[in-house]
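Derivation of every value follows stated rules applied to the coordinates shown; laboratory data play no part. Fair warning: this is a prediction, and the values are worked out from it, not measured in the lab. Cβ: placed from backbone, ideal geometry, glycine included. Neighbour counts: every protein chain shown.
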Amino acid sequence: MLSAILAHAPALQTVVPLIAAPLCVLFGRRHLAWAITLAASLISALFAAYLLAQTLDGSVISYELGGWAPPLGIEYRIDAVNAFVLFIVASVGALVALYARESIEQEIDPALHVYFYTAFLLCLTGLLGVTITGDAFNVFVFLEISSLSTYTLVALGAGRDQRALTAAYNYLIMGTIGATFFVIGIGFLYMLTGTLNMADLAERIAALGDNRTLRIAFVFIFVGIGLKLAMFPLHLWLPNAYSYAPSVVSVFLAATATKVAVYVMLRFLFTVFGFDYGFQAATLQTIVVPLAVIAMFASSIVAIFQSDLKRMLAYSSVAQIGYILLGISLLNKPGLTAGIIHLFNHAVIKGALFMAVGAFVYRIGSSRIEDLRGIGKQMPWMAAAFVAAGLGLIGVPLTAGFISKWYLIQATLDEGAWWLALLIVGSSLLAVIYVWRVVEAMYLAAPVQDAPVKKAPWSMIVPTWIMVLASLYFGINTELTGKAASTAADLLIQATQIEKAPETVPGAPAAGE
Amino acid sequence: MPDIFPPALIFIAAAIVLPVLPKGNLRALFLLAVPLVAAHEIWQLSEGVTHTYELLGYSLTLMRVDQLSIVFGLIFSFAAFLALLYAWHVKDTVQQVTTLLYAGSAIGAVFAGDFVTLFIFWEGTAVASVFLIWARGTEGAYYTGMRYLIIQIASGVILVAGMALHYHETGSLAFGALTLGSLGTWAILIAFGIKAAFPLLHTWLPDAYPAATPTGTVVLSIFTTKLAIYSLARSFAGTEILIYIGTVMVFWPLIYAAAENDLRRVLAYALNNQLGFMVIAVGIGTPLALNGVAAHAVAHILYKSLLFMAMGAVLYRTGTAKASGLGGLYRSMPITALLCIVGGLAMSTPLFAGFVSKSLILSSVAKAYEPLIWAALLFGSAGIFYVAGVRLPYLAFFGEDKFAGAPERPKEAPWNMLLAMGLTAASCFALGLMPATFMSFLPYDVAYDAYTPDHILTQLQVLSFTAIAFFALWRFGLIKRPAPGILVDSDWLNRRLALAIVKLGAYISRNMWGLMSRTATRRLDAFLASIYRAHGPQGPLARSWPAGSMVLWIAVLLGFTLILSFSQSL
Amino acid sequence: MNAKTDTSLPAIARLLGRLDGRMLFWLLVLAGVLLALSDFAYHRHEIFDFEAVPLFYAGFAAASVLVLVLAGGIFRALFKRGENFYAPFSTDSEPPLKAQERDHA
Amino acid sequence: MFDDFSSSFIIQHYNYWMVIVLMMVGLYIVVSRGNLVKKIVGLNLFQTAVFMLYISVGKIIGGTAPILTGNPDEVYSNPLPHVLILTAIVVGVATTALGLALIVRINERYGTIEEDEIADIEQEIDRQESA
């Protein structure tokens, strides 16, 4: 029985939340809807964990949807890369579902709760689908499922701030243009090869070699996905969307949506297009590296001057995406590993930070830094969680953020780009400043008023601290993240068969004898 | 011997458990038990690598045990015990936790077998210790703590940079002997030098130590600097430049100590001077000298703690430790006064630990035929006895009775402080009485007898004439009780000059930025507005640029990438 | 007022009170003279030539103190500033710790 | 020569040129119009251009609708792009519907659907918040 279910894990992974979504509306009871959401996301997370365990050794699972064999049928193809991303998305989804119940009480009209859960489940479905599928057009469809539900989720923030509506609208315009660019790119690829299966595409593209249509296809996909992952300067939708969305949506989006987009970028860059000729590499190195560096600095500086905590974190996200892109565009294994690890670590860290902010909003109804003065004494758990996760954001040793930066700096040094290493350290210092501003307000400033603020509810504290502890745990024990990321990096690099000089993996000689 | 739990982790585990315990005697007892358990563990260690772990693919050494690390581990544990006894009455959880973390980090660093582990604990000492300053709770303490933290963290950052460079060069992360020469090793030396309070890198020490709480300063005085000395002894033994650095350290702080008003700052400068002794001995680098380093670190931790404890007790009972506000206190705090005098004597009088260790260092310098350095050390010996052994107790406890007219005389120090001071004094005495046992702990097996008639006679001459000179000069009015006021040290450079430069820079950049951003905004606005005006018929379009500009950026990036694709030949 | 005889003070305080006068000084001088004289009675095994000079250690110590006192005086004259010099960035300018603060700390 | 060129480059690629024009028009409307509904219309045009691109790719001149007739010589258009674009159209409709729904809400809350007026109102909110 169990093995029969597990055999269909790839499909169930997305189908469970997809079926659960309409159930929420059908039952129409918000508490029931919450229970359904929690159950569905937990089941998805379990499947994701199972899939990750299956693929951690580098093996690949191919699942034929509806029994139609690829390349004609749609194939779900799971390897270490997307199993890892699936795991991130699904586990964050489960935690967010747990967290949502109390959080939306304050921020969303109770009559709309059912729709919130529905949209949330659809968004989860979309993100999981994008990650798991091996079919290029299917990526687009799932991308749109997640995008459309995201616009709805962002707009639900209108209960607290009407600007959520315009934020959602702008996001819709941008997101649609991005997705359409993506679909144009897919169209060109199809014209060129006559197939949509990614593995098949990769083979045929390799056989065809470089040509103009391929380049144009690449450009459209690159820009389209760049928009989705908030690559600087295409990030303009992100600050508003994150800051006006309901807190729980900010948590979910910050931790998952951009990460999935990064995954799609990785998949197309490495698996589909490959690197054995110069154009993609040149694009990355002439466009993405400078943009990533600018993002690291410009967004961090903007973050320093923000008065709203959510907005500050949103800009910080743009900067952090800069790190991920920088790692990827170094095109060596440590860089790719760093990018993938940071994908995970940043999801955990930013999720925890937004969760803490959500709790502040829940209790004091504001996320402005000046309203958070003295909150460190009034909401000790959440403030401590914020600080602990903030340390990770900076990259203090023994937090997950340090591991990412360590790999990233290794990767830059391997390329001989020591100036990039310096820039990474420099931009981390900016993170110190903006995190410190908050810490100062929370702990060192006199409280705004003496009116006692209650501790956050446990249903918010628990998921937040799970995230925080995860960020600390993965800062000390890099077994899982390191292995998954390096297996993933291996797979991606093998896919493009770039033969680089002797592999430089950190960690050789034993020390201290 | 893998069944031994790493002592550093004992402290850290205890720090995690501690907040759960109810405040009061149970917790205080628990606190006292922790360093004793750790000391017991260290006692049982046998030499060799006992614990390794994996981090980021490196195999690292958590525990590398040899006689040098055992000596430092033991004295750190024991001093932590004394300091915690001294702080028995403190109810502040933050200070208790950070004291444990601080001691644990210092001990962890001592046993670290590689630079990564060292770095982790190195920063641990920095972060944990600053709370002892912040615990004072005043605004000044906050800023002082920030300055302290910045420089301590900087030391760690320089260490990690040096470590990375060194690793790139040699492929080794081992925390062992280094040869100066490459940039990496210099960076490591500077990182150590910051914590060891090398001249010009020293200002954090007299800045921070007088700012901490009465008990906090005792804890601070134990670990950070001695950890640096340990690291220097481990990595840079026999490095000649250290001899000269150490000589400057012997002289320079003494002058400040002789002129300073705040008695805890006097002790901080005196501490810096004693570090100079150890740095010189590290520079000499012979087995005898290194034995001297280890012995002097032990003796120095004990008697300097004792002196800081005495001044802490004064601060605790009177609210100040400034000479200008003290005097005649022996009437109210006679036992403290007596123990403070013992602390002064313990620095160099025969029968005390300081005599043995100082003789070791002096002999090692003499054996290396460095007459000038030797004379400098002799000057340092006399000077330190003058500032910390005579002048300090006299200013605090004797002379004019400043509390004669006060409504309430200060009380004698609490029992736990007296007990801690008494135990510290007793251990100084015990080590001085049993030089053979003391020597048997030292890292190298070198025969040495401190109690020769030569040593005893000359040392007593130095001490007695130092004291005579003090009293004579006091009579003549050449030495006076200092008036209120502070002395500017080289920290003026960073606290005033640098601040002024930063302010000026900020002023200029603010204005420049304003100007630039105004110009840029105007240009950009004009540019975008012209685009919009040309293409869009409706109103002032600059204001609607959010959505428009987003799409525009897409077009720009798309265009740019397309151009790139066409510019590259197929 | 006289601590030597003030019976309200503990015994140790009275003992210390005796030190706080001329007696200690003259005791020290006596000890010093005896120690100095030992230079002529006992032959040291010196390592450096200058050690052999009679009264070298005694003179060196006294001279050291004199040098330190003079240097300290000069430094104090040159570098002394008001306690508020760095205010509010240092604890020097702050009032004495109050009793309850001390108890907390 | 020129005729050859123009016929092959312009006439034969007529559908592509139209797609490009339509796409640019759509994008231009999104950029230049301040009216939120008009932006959605522009977006629709833009998407429609892509639909047409797909459809014309799948079309084979002389091919019939891809229905199995049993005749082996029958030439079919490629059905796959058409099916794909059916999905994309559904997505497009959903996007339009959601966009319009948002506009309705925006109109309720802001009392306008002109982008610059909304920006003014939002600036006012910002100013009040930071005051």
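Things worth noting here:
- Rounded to the nearest 20 debye, the dipole magnitude of the protein assembly as shown is 3520 debye, with +1 charges on Lys and Arg beta carbons, -1 on Asp and Glu beta carbons, and the Cα centre as origin.
- Over all orientations, chain C has a Cα convex hull whose mean projected area works out to 13.4 square nanometres.
- For chain B, the relative contact order is 12 percent, taking Cα pairs closer than 8 Å that sit 6 or more residues apart in sequence and dividing their mean separation by the residue count.
- Helix-only [θ]222 nm of the protein assembly as shown, DSSP H runs n ≥ 4, -39500 (n - 2.57) each, per residue, nearest 500: -23000 deg cm²/dmol
- Loop-located GluC sites (Glu not before Pro) in the stretch D:71-124 (DSSP state not H, G, I, E or B) with no more than 12 neighbouring Cβ atoms inside 10 Å: D:Glu74.
- Per-q log10 I(q)/I(0), the stretch A:276-505, q = 0.10 Å⁻¹ (Debye; single scatterer per alpha-carbon; no solvent): -0.47
- Sorting A:Trp406, B:Trp134 from the fewest to the most surrounding beta carbons within 10 angstrom yields A:Trp406, B:Trp134.
- Relative contact order for chain A, counting Cα pairs under 8 Å that sit 6 or more residues apart, in percent: 15 percent
- For the stretch A:107-185: rounded, prolate or oblate by the Cα gyration tensor [a/c cutoff 1.5]: oblate
- Too-long pairs where the Cα-Cα distance tops 27 Å, listed order kept, from A:Lys228/A:Lys350; A:Lys310/A:Lys454; A:Lys228/A:Lys454; A:Lys310/A:Lys483; B:Lys195/B:Lys358: A:Lys228/A:Lys454; A:Lys310/A:Lys483
- With Cα atoms, 0 to 90° folded angle of helix C:22-41 axis to chain C main axis: 30 degrees
- Of all lysines in the structure, the ones whose alpha carbon falls short of 29 Å from that of B:Lys411, not counting any fewer than 8 places away in one chain, are B:Lys23, B:Lys91, B:Lys304, B:Lys322, B:Lys402, B:Lys480, C:Lys4, C:Lys98.
- Rounded, prolate or oblate (a/c below 1.5 giving rounded, otherwise prolate when a/b exceeds b/c) for chain A by Cα gyration tensor: oblate
- Computing Rg and the Kirkwood Rh from the Cα coordinates of the stretch B:78-182 gives a ratio, Rg/Rh, of 1.07.
- Projecting the Cα atoms of B:Val298, C:Phe60, B:Ala413 onto the dipole axis of the protein assembly as shown, where Lys and Arg carry +1 and Asp and Glu carry -1 at the beta carbon, places B:Ala413 farthest toward the positive end.
- DSSP H segments from chain D that extend 18 Å or more along their own axis, Cα-based, with Kyte-Doolittle mean of -1.0 or above: D:14-32, D:36-58, D:79-110
- The eigenvalues of the Cα gyration tensor, multiplied by 5 and square-rooted, give the protein assembly as shown an equivalent ellipsoid with semi-axes of 71, 32, 27 Å from largest to smallest.
- Dipole of the stretch A:157-304, positive end: most advanced residue of A:Leu172, A:Pro233, A:Phe220 [Cβ charges, Cα centre]: A:Leu172
- Along its principal axes, chain B has C-alpha extents of 101, 61, 55 angstrom, given from the largest down.
- Annotation: amide H of B:Leu173 within the under-5 Å range of A:Gly512, sequence separation 5 or more or interchain, hydrogens built in the peptide plane.
- Cα-based helix-to-principal-axis angle, C:56-79 vs chain C, degrees rounded to 10: 30 degrees
- Filtered trypsin sites (Lys or Arg not before Pro), the stretch B:312-341: DSSP coil and at most 10 other beta carbons within 10 Å: none
- Think of each Lys and Arg Cβ as +1 and each Asp and Glu Cβ as -1; about the Cα centre, that makes the dipole of the stretch A:135-274 roughly 260 debye.
- Convex hull per residue volume in Å³, alpha carbons only, for chain D: 137 Å³
- Hypothetical label at D:Gln12: residues of the stretch A:194-228 whose amide nitrogen lies under 17 Å (7 Å Cα-Cβ projection): A:213
- The convex hull defined by the C-alpha atoms of the stretch A:223-286 has an orientation-averaged projected area of 4.6 nm².
- Taking the longest Cα principal axis of chain B as reference, the axis of helix B:453-475 is set at about 80 degrees.
- Placing +1 on the Cβ of every Lys and Arg and -1 on the Cβ of every Asp and Glu, with nothing else charged, gives the stretch D:2-130 a dipole about its Cα centre of roughly 380 debye.
- Amide H contacts under 5 Å for B:Asp262, placed H, 5+ residues apart: B:Ala323
- The three principal axes of the Cα atoms in the stretch C:47-105 give end-to-end lengths of 57, 31, 16 Å, sorted in falling order.
- Per-residue Cβ neighbour counts within 10 Å put D:Val91, A:Val219, B:Val282 in the sequence D:Val91, A:Val219, B:Val282, beginning with the fewest.
- In terms of surrounding Cβ atoms within a 10 Å radius of their Cβ, C:Leu28, D:Leu43 rank from fewest to most as C:Leu28, D:Leu43.
- Diffusion of the stretch A:351-438 by Stokes-Einstein, at 20 °C in a medium of 1.002 mPa s and with Rh set to the Kirkwood radius over alpha-carbon pairs, works out to 151 µm²/s.
- GNM on chain D, alpha-carbon springs under 10 angstrom: the most fluctuating residue among D:Ile55, D:Ile40, D:Ile121 is D:Ile121.
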